[in-house]
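For reference, the structure discussed in these notes is given below.
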Amino acid sequence: MTAPLSHYFIYTGHNSYLTGNQLSSDCSDVPIIKALQRGVRVIELDMWPNSAKDDIDILHGRTLTTPVTLIKCLRSIKEYAFTASPYPVVITLEDHLTPDLQAKVAEMVTETFGDMLFTPGPECLKEFPSPDSLQKRVLISTKPPKEYLESKSIKEKGSVSQKGNDPAEEEAWGKEVPDPKLKIEADDKTDPNVEEDSEDEEDQDDGDRKQTTEPKYKSLIAIHAGKPKGGLEEALKVDPNKVRRLSLSEPALEKAAITHGTDIVRFTQRNILRVYPKGTRFNSSNYNPHIGWMHGAQMVAFNMQGYGRSLWLMHGMFTSNGGCGYVKKPDFLLNGKANEVFDPTASLPVKKILKVKVYMGEGWYLDFQHTHFDAYSPPDFYARVGIAGVPADTLMKKTKTVEDNWAPVWDEEFEFPLTVPELALLRVEVHEYDMSEKDDFGGQTCLPLSELRPGIRAVPLYSRKGEKYKCVKVLMRFEFVTV
């Protein structure tokens with residue numbers, strides 16, 4: 001934990017204050033507390049003036065979400081920041097405030113956190129400190145402030161032309177995670193080099209208007225955000241004298257990766273890249289996190305208040321390294337030999353083969369009501385086992401269905417060739433076959449391959465919300481074969 005922050009994947013939340021959907025749910029400090037207790041290290045707060053213009057509310061702007069006060073969120077962060085991990089918490093701020101309210105934010109933050117606050121000063125850092133050197137510290141990340149113009153229109157995150165998730169398509173346990181393939185629709189006229197980020201909407205020039213920057217507020221910023229003018233190529237330039245944070249929406253990253261994949265990886269060797277969900281994910285769904293991880297993005301921001309397969313992958317990834325919220329990036333995403341940069345689009349040879357044998361499962365009889373799956377007979381269980389990773393490694397396989405048995409014995413073996421095992425997660429799901437309706441959910445887990453040990457293991461399963469069942473386990477054997 002002694003490398004710079006930019007060398008780690010960081011457990012990152014998006015709109016951390018929302019209790020539900022992006023349009024009409026309540027804002028509260030409760031989801032922030034839950035996220036911190038799970039080990040999330042990056043909390044996002046959207047700051048807006050309250051109705052009287054004399055205090056700061058946290059809410060999803062231009063929606064019907066009900067606000068929570070900034071001070072309540074800050075106090076909860078202070079209380080719960082280090083309950084799950086001693087390593088630093090980053091608060092990313094979306095700032096829609098006037099200079100006088102920015103001054104009030106500076107006062108609140110300073111009084112709340114005191115010596116816990118890491119403040120390097122008004123200038124950008126030349127290199128990020130390490131998580132170890134920042135233990136029990138809180139960092140603020142936002143763009144340097146400019147005068148807030150209330151008349152300026154601020155567009156929503158993402159583009160309304162993007163196709164959203166149809167809730168009717170959601171299965172009981174969440175939609176399947178899409179492959180992180182780098183493709184662009186033929187009829188998509190959007191320039192793939194254009195970055196989108198609501199944080200940077202206010203970065204437009206204000207003409208000859210006088211800018212009034214609040215110096216105390218600016219001095220709080222440990223991780224400077226924003227983008228240089230000139231588009232994506234300019235934004236991805238690496239400055240040897242300073243480090244910063246850049247934000248891209250998931251579709252912006254997908255498009256940028258087609259033509260600038262290695263530039264993105266090079267940028268993330270020193271700087272921090274934050275990826276956030278597209279704006280049409282009104283139901284607080286998420287995307288495939290591997291599109292960010294395979295490009296070195298440290299802050300792959302997720303809606304933590306929902307559930308589904310994408311979020312299972314996120315939770316699984318951050319069980320690594322003791323669940324401290326920081327996972328060291330693989331060496332190939334850092335400086336390579338002779339300054340080589342990893343190319344996410346390159347075809348790579350198979351490094352390892354993972355052999356997985358699924359013996360049996362048990363515990364449902366103890367953890368579920370006996371009529372939960374079938375009213376008149378024992379359940380008919382099958383297992384799905386596979387890999388989530390780079391596109392070449394992503395694969396799911398399925399066992400046979402064992403009928404009328406609370407302790408199914410499958411006794412089946414599967415092989416998974418791996419080109420980038422360092423980023424791979426083993427996915428395990430159990431479902432109960434239902435002839436007339438959707439199959440019932442019986443448990444899931446996602447395990448980083450870096451944490452797997454060869455041999456026979458009793459693997460505990462979790463609910464759709466990521467809560468561990470008391471008794472449900474699957475007996476499995478793991479074997480790695482080096483090619």
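The values are calculated or read from the model by the stated rules, or taken from the named source; none is laboratory data. Remember, it's a predicted structure, so these values are computed and weren't measured experimentally. Methodologically, a virtual Cβ is constructed for each residue, glycine included, from the backbone with ideal geometry; neighbour enumeration extends over all protein chains shown.
Summary of values
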read-out	value
Selected residue [of a type in the set (Gly, Ala, Ser), surrounded by fewer than 17 Cβ atoms within 10 Å (Cβ to Cβ) and over 30 Å from Gly336 (Cα atoms)] from Ala81, Ala52, Ala3	Ala52
Given (1) in contact with a helix residue (DSSP H, G or I) (Cβ under 9 Å, 6 or more places away or on another chain); (2) within 24 Å of Gly466 (Cα to Cα); (3) modelled with pLDDT under 95, index of the condition Gln22 fails	(1)
Single residue of Arg62, Arg41 found to be charged (D, E, K, R) and modelled with pLDDT under 95	Arg62
Subset tally (residues that are surrounded by 13 or more Cβ atoms within 10 Å (Cβ to Cβ) and within 28 Å of Ser6 (Cβ to Cβ)) for the stretch 346-361	3
Filter result (outside any loop (DSSP other than H, G, I, E, B) and surrounded by fewer than 22 Cβ atoms within 10 Å (Cβ to Cβ)) within the stretch 267-308	Gln269, Arg270
Sole residue being aliphatic (A, V, I, L, M), within 27 Å of Gly323 (Cα to Cα) and in contact with a Pro (Cβ under 8 Å, 6 or more places away or on another chain), chosen from Val430, Val472, Val483, Val459	Val472
Count of the stretch 378-428 residues which are among the acidic types (Asp, Glu) and assigned to a helix (DSSP H, G or I)	1
Test for Leu366: is it in contact with a strand residue (DSSP E or B) (Cβ under 7 Å, 6 or more places away or on another chain), closer than 30 Å to Ala35 by Cα and part of a helix (DSSP H, G or I)	yes
One residue from Ile258, Ile223 being among the β-branched types (Val, Ile, Thr), crowded, with 24+ Cβ neighbours inside 10 Å, over 28 Å from Asp26 (Cβ atoms) and in contact (Cβ under 8 Å) with a residue 24 or more places away in the chain	Ile223
Given (1) surrounded by 22 or more Cβ atoms within 10 Å (Cβ to Cβ); (2) at pLDDT 95 or above; (3) within 27 Å of Gln37 (Cα to Cα), number of the condition Leu333 does not satisfy	(3)
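This table checks each residue for (1) touching a residue at least 60 places away in the same chain (Cβ under 8 Å); (2) polar (S, T, N, Q).
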{"residue": "His372", "(1), (2)": "yes, no"}
{"residue": "Thr394", "(1), (2)": "yes, yes"}
{"residue": "Trp406", "(1), (2)": "no, no"}
{"residue": "Pro421", "(1), (2)": "yes, no"}
{"residue": "Leu426", "(1), (2)": "yes, no"}
{"residue": "Val481", "(1), (2)": "yes, no"}
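Okay, residues lined up against (1) more than 28 Å from Asp331 (Cβ to Cβ); (2) among the charged types (D, E, K, R); (3) buried (at least 18 other Cβ atoms within 10 Å of the Cβ):
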site	(1), (2), (3)
Pro378	yes, no, yes
Glu403	yes, yes, no
Trp410	yes, no, yes
Val420	no, no, yes
